[in-house]
1. Taking the range 30-70 only, how many residues are of a type in the set (D, E, K, R), more than 13 Å from LEU19 (Cβ to Cβ) and open to solvent by 40 Å² or more (accessible area, probe 1.4 Å)?
2. Which number in (1) open to solvent by 80 Å² or more (accessible area, probe 1.4 Å); (2) closer than 25 Å to CYS39 by Cα; (3) out of contact with any strand residue (DSSP E or B) (no Cβ under 8 Å at 6 or more places or on another chain); (4) not in a helix (DSSP H, G or I) marks the one condition that HIS73 misses?
3. Give the residues of the range 33-49 that are part of a loop (DSSP other than H, G, I, E, B), over 17 Å from GLU13 (Cβ atoms) and either at pLDDT below 95 or in contact with a Phe, Trp or Tyr (Cβ under 8 Å, 6 or more places away or on another chain) (or both), sorted by residue number.
4. Does the range 18-29 hold any residues that are open to solvent by 20 Å² or more (accessible area, probe 1.4 Å), assigned to a helix (DSSP H, G or I) and of a type in the set (A, V, I, L, M), and which are they?
Amino acid sequence: MTTDESAGSTWWEWVERQLEDRAMTPAVLGERTGLDRSCFTRWRKGERPTMDTARLVARAFGMSPLEVMVKAHLISAEEAGLRAAAPDPSTLTDQQLLAELGRRLKRTR
């Protein structure tokens, strides 16, 4: 794993958001990826995943590995050929909508 203090906390915050959106716990993510708790602790402290662990996380979240690698600052969006797009609210689950509403309400306090 690599360390990048500016990107590390952002990586873990992104992982936490994905967990929240899916009503998953880090323990479930560990089961789905085979990663142990010490890996998540290192992420919390600022380490980024490797390409291999990013692929495991992508699979566990049902996402494109490229998207996850961009979020982890392993490759740029340009390298991945990704375009920023807002999600269509009609495609979000109720859990994802509630999680986003909760985040927005926290920001307004």
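1. Total satisfying the criteria: 9.
2. Of the numbered conditions (1) open to solvent by 80 Å² or more (accessible area, probe 1.4 Å); (2) closer than 25 Å to CYS39 by Cα; (3) out of contact with any strand residue (DSSP E or B) (no Cβ under 8 Å at 6 or more places or on another chain); (4) not in a helix (DSSP H, G or I), the odd one out for HIS73 is (3).
3. Hit for the range 33-49 is ASP36, nothing else.
4. ALA27, VAL28
The values are calculated or read from the model by the stated rules, or taken from the named source; none is laboratory data. From a predicted model like this one, the values you see are computed outputs, not experimental measurements. A quick note on method: Cβ atoms are made from the backbone with ideal geometry, for glycine too, and the neighbour counts reach across all protein chains shown. Just so you know, the surface numbers come from the protein's heavy atoms only, side chains and all, with ligands and any DNA or RNA stripped out. Shrake-Rupley method; radii C 1.70, N 1.55, O 1.52, S 1.80 Å.
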